[in-house]
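Contents: one structure, followed by commentary.
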Amino acid sequence: MHALLQDLRYSLRQLIKSPGFALTALISLALGIGASTAVLSVIYAALLNPYPYPSADRIMRLTVATKGGTGRVAFNPNGPQVRQLQQMPILDSVLVMDYRDMILTGREFPENVDVIGLIGNGFSDLGISMLLGRGILPSDAMDGQDPQPVAVLSYKFWQKHFLGDPGVIGRMLQLDHKSYQIVGVISPRFNWYDPDVYLPLSVTQDPMRTFLVDLRLKPGVTHEAANAALQPVLEQFARETPKHLPEHFKPAVEGLNEWVLRRYGGTLYLMFGAVMLLLAIGCGNVSILLLARGTARQHELAVRAAVGAPRSRILRQLLTESLLLAVVGAAFGVATSYGILAGIRLLLPPYAFAPEVVVRINVPVLFFSVAVALATGVLFGLWPALQLSRTQAGRIMQSGTRRIAGSVSGRRTHSVLIAGQIALTLLLLAAAGSAMKGFAAMLHRTLGYDPHNVMTLTLPIRTGAYPTWAARSAYFEQLRAKVAETPGVTLAAISTFSNPPRSGWDMPFEILGKSADEQQTGSLHLVSAEYFAALRVPLLQGRLWDATENRNAAHLAVINRTLAQRYFPNGDAIGHSIKLPTLENNPPDDVSAPNIADSWLPIVGVVDDFLNNGLREPIRPAIFMPYTMEMWDGTQILVKTEVPPLTLVHAVRQQLVTVNPDQQTSGETEELTARISNGPEWQQEHLAAWIFGIFAWLGLALAAVGLYSVVSYTVAQRTNEFGIRMALGAQPGHLLQIVFRSALGSVGGGILAGVALSLALGTIVTRWAQGNARDPVILCAGVLLLGLVAAVACAIPARHAATVDPMTALRCE
């Protein structure tokens, strides 16, 4: 123990004696450990452990792939079809749900509540953990009976409305003026579909009533086996209810987390690559520092060996020094990881992952990063002693430290490490430049509409309310007119799920005069005529419908320029007719104008294009119709204002309650400008640009420090040589050339290797980011920046070498 304490004291003195070396090594370790731990913790939480449900990998969403596999749509079966699915041998269970908006009544102000109806076996099948009380039981939703008036609260709803009161069990909750007894509160992480309240759901035999379903596969059943077994069953369903499924489809079950993989998986993989590069650069930095310092100490170690110190004693001392440095660096890295993770949380999109995901420091990941740092410290800290064991101490003492520092093997080792660090840094710079350029291109993409001073309100109506076409159309128009009367509002327009940059929904259509086999797909928008003025979308040809035509659900359509150019290249779209055969009247949820599915709609106008398929994808062909032709159990209103829109939210809501005291808005009211920045494409590119940008600058700084350290140590060890050269008449410029030439090989080789890596891996970056890592401008900019930083890192010690006093240098031996 005494010897260990003695080694620790000596190691601490060595670190204090070289504060620049110690600080640089600690920062390198802290950044490498902290960044890698934070990013890998995000990846673990989002991709490897997103859900707390037992056997979550066997829970599948039932979707079907459309013709050509270009898209997927959910299939919602009716009651008899649910019963048939439950009998399939490949399934353990079928999770049947519905989603509805309800009004929290019986209080001073009504409030919208998101409600999930779940069948009685849902809680047990999902393995949902309860914080208080119980979940929904099979006895709460018996077949053929009305569900029991009981409710289970989500954790966030319980905290918000009951302030975490543990005595909430047994109290009453009033929804849509009906009382429900609270029987349970769910544990915080269990947020199945993220509602406020869960209610029991009974599966009815009404063929017009459809449900949301998820499938729980039996152990060992693969996706392919499930799709094959579902094919004949869904084909039978398509014959029974042909309008519930596309004309050509294939079953395509997908895991709960596949939407995250599709949307953000590429960004997370790029983050993983970036942080691994940063960890490699940081560990390389430490290895360079330790090797340079060890080379400088070889004379000291040789003297100790010559006076009788055994090799094991020298190894123990160096091991103690390396471990002390690595442990302190790891401690700083652990602290840094929490700070970096907090920063990443701020950059993560608000709805990037499933609501069950908890992003926190992952202990195994932390251990991995710390182990890598410790291994680096130990290996390269002991390297000088291992080298010494293969060299006679007398030769080292006779040759002098300064000559050993400049030996071929020492230079080669340092050059390889520096070249590798430079190559990884250039790859990181190229990826960062690619991500930033892609994000900048997205920011400057032409929208085709004006989102400024426009907000969107989502207005649900109670189930069964306004069941007739006349009542619902009159009610929606009354709401729109009242909102338009609000002081500060210039325009109000109905826009049922038609808010760009991702708007409308896919709908097959036919063109009169063409074969029905030539059915095409477009983006359907149900809007009022004010919609185009609110977004400042110009009319190119023809006309829009007027208020009377909107009120009467006139059978007509307006199309966008993309559809007109694709199907009417001669510019004669006006006067042609289209039909939407899959639209149907499905009261009380959906009500449609008479005979809409069988009617040919004359095209009366062509409007200019605007983004309707996100910020990345090409604009889809679009069809616009009066919203009164198809009305769902809710709508949306676009509000154009003279002032910042969100300042009028309260006034607009006051106008709504004058029409109906129970009418509330659903979700958060958002501006269209915020809708752009909250979109998945914008958020993904924004995250990639920030993460790569930060990591690239950190990697550049670490590479510069590593290069500076090696050149500084080399200059320090060659001080005697430089003194002799100056005494013999060498000019300062000649010494500068010597120093720069010594680093030129490693820097040049690293740049060439970095360019090769960037070209080789460019397709991976391009696949998951908008930019192009092979872009010559990006590569040239990265090479110039890296060359400039390397020149500065070499110039400082080179200038010191050129200004050394010859007599001082000669006395260094």
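The values are calculated or read from the model by the stated rules, or taken from the named source; none is laboratory data. Quick caveat, the model's predicted, so the values are computed rather than measured. As a convention, Cβ positions derive from the backbone with ideal geometry for all residues, glycine included, and neighbour counts pool all protein chains shown. The area values use the complete protein model at the heavy-atom level, side chains included, leaving out ligands, DNA and RNA. Shrake-Rupley method; radii C 1.70, N 1.55, O 1.52, S 1.80 Å.
Observations on the model:
- Counting only strands (runs of 3 or more DSSP E) that fall entirely inside the stretch 450-555 and contain at least 1 residues that are at positive phi, the qualifying elements are 539-542.
- Scanning the stretch 452-468 for residues that are open to solvent by 70 Å² or more (accessible area, probe 1.4 Å) and not hydroxyl-bearing (Ser, Thr, Tyr), we see that the one that is modelled with the highest pLDDT is HIS452.
- In the condition set (1) open to solvent by 60 Å² or more (accessible area, probe 1.4 Å); (2) modelled with pLDDT of 85 or more; (3) more than 28 Å from the chain's Cα centre (by Cα), PHE624 is compliant with all but (1).
- Of the criteria (1) in contact with a helix residue (DSSP H, G or I) (Cβ under 8 Å, 6 or more places away or on another chain); (2) surrounded by fewer than 20 Cβ atoms within 10 Å (Cβ to Cβ); (3) over 30 Å from ALA74 (Cα atoms), which one ALA492 fails: (2)
- Qualifying residue in the stretch 686-698 (condition: within 30 Å of THR496 (Cβ to Cβ) and not β-branched (Val, Ile, Thr)): yes
- The one condition from (1) in contact with a helix residue (DSSP H, G or I) (Cβ under 6 Å, 6 or more places away or on another chain); (2) surrounded by fewer than 22 Cβ atoms within 10 Å (Cβ to Cβ); (3) at pLDDT 85 or above that MET436 does not meet is (3).
- Residue match in the stretch 579-599 (condition: open to solvent by 70 Å² or more (accessible area, probe 1.4 Å) and either of a type in the set (A, V, I, L, M) or touching a Cys at 6+ places or on another chain (Cβ under 9 Å) (or both)): no
- Within the stretch 185-267, strands (runs of 3 or more DSSP E) holding 2 or more residues that are modelled with pLDDT of 90 or more and either open to solvent by less than 50 Å² (accessible area, probe 1.4 Å) or more than 21 Å from GLY127 (Cα to Cα) (or both): 197-200, 212-217
- Members of the stretch 665-679 found to be open to solvent by 30 Å² or more (accessible area, probe 1.4 Å), in contact (Cβ under 8 Å) with a residue 40 or more places away in the chain and either part of a helix (DSSP H, G or I) or of a type in the set (D, E, K, R) (or both), listed by number: GLU670, GLU671, THR673, ARG675
- Boolean, TYR449 is among the aromatic types (Phe, Trp, Tyr) and out of contact with any strand residue (DSSP E or B) (no Cβ under 9 Å at 6 or more places or on another chain): yes
- Yes/no for SER287 being closer than 22 Å to GLY699 by Cβ, among the polar types (S, T, N, Q), touching a Ser or Thr at 6+ places or on another chain (Cβ under 7 Å) and at pLDDT 80 or above: no
- Near pairs, Cβ below 7 angstrom, 6+ apart or cross-chain, from the stretch 192-220 (under 24 Å from VAL64 (Cβ atoms)) to any residue that is in a loop (DSSP other than H, G, I, E, B) and of a type in the set (S, T, N, Q): THR210/ASN76; PHE211/ASN76; LEU212/ASN76
- Evaluated against (1) aliphatic (A, V, I, L, M); (2) modelled with pLDDT under 80; (3) under 23 Å from LEU429 (Cα atoms), LEU278 falls short on exactly one condition, (2).
- The residue pairs whose first member lies in the stretch 651-664 and is at negative phi, whose second member is of a type in the set (Ser, Thr, Tyr) and open to solvent by less than 30 Å² (accessible area, probe 1.4 Å), and whose beta carbons are closer than 7 Å, counting only pairs six or more residues apart or on different chains, are ALA651/THR486; VAL652/THR486; ARG653/THR665; GLN655/THR486; ASP662/THR105.
- Test: residue in the stretch 111-132 that is among the acidic types (Asp, Glu) and closer than 15 Å to ILE59 by Cα: yes
- Hey, PHE332 farther than 22 Å from TYR51 by Cα and without any contact (Cβ under 8 Å) to a residue 24 or more places away in the chain or not: no
- Only one of LEU544, LEU540, LEU535 that is open to solvent by less than 10 Å² (accessible area, probe 1.4 Å), within 23 Å of PRO451 (Cα to Cα) and touching a residue at least 60 places away in the same chain (Cβ under 8 Å): LEU535
- Qualifying residue in the stretch 648-667 (condition: in contact with a Pro (Cβ under 6 Å, 6 or more places away or on another chain), acidic (Asp, Glu), within 30 Å of ALA593 (Cβ to Cβ) and modelled with pLDDT of 90 or more): no
- Matching strands (runs of 3 or more DSSP E) fully within the stretch 578-642 where at least 2 residues are out of contact with any His (no Cβ under 8 Å at 6 or more places or on another chain) and closer than 18 Å to ALA493 by Cβ: 601-607, 634-641
- Test result for GLY167, of a type outside the set (S, T, N, Q), part of a loop (DSSP other than H, G, I, E, B) and farther than 24 Å from PRO460 by Cβ: no
- Index of the failed condition, SER139 passing every other in (1) of a type in the set (Gly, Ala, Ser); (2) loosely packed, with under 15 Cβ neighbours inside 10 Å; (3) touching a Lys or Arg at 6+ places or on another chain (Cβ under 9 Å): (3)
- The residues in the stretch 529-571 that are touching a Phe, Trp or Tyr at 6+ places or on another chain (Cβ under 8 Å) and basic (Lys, Arg) can be counted, and the count is 1.
- No other residue among ASN550, ASN612 is modelled with pLDDT of 90 or more, open to solvent by less than 30 Å² (accessible area, probe 1.4 Å) and more than 24 Å from TYR475 (Cβ to Cβ) apart from ASN612.
- Selection of first residues in the stretch 590-606 that are in contact (Cβ under 8 Å) with a residue 12 or more places away in the chain and of second residues that are crowded, with 20+ Cβ neighbours inside 10 Å and polar (S, T, N, Q), restricted to Cβ pairs under 7 Å at least 6 apart or on distinct chains, gives the following pairs, ordered by first then second residue: ALA593/THR628.
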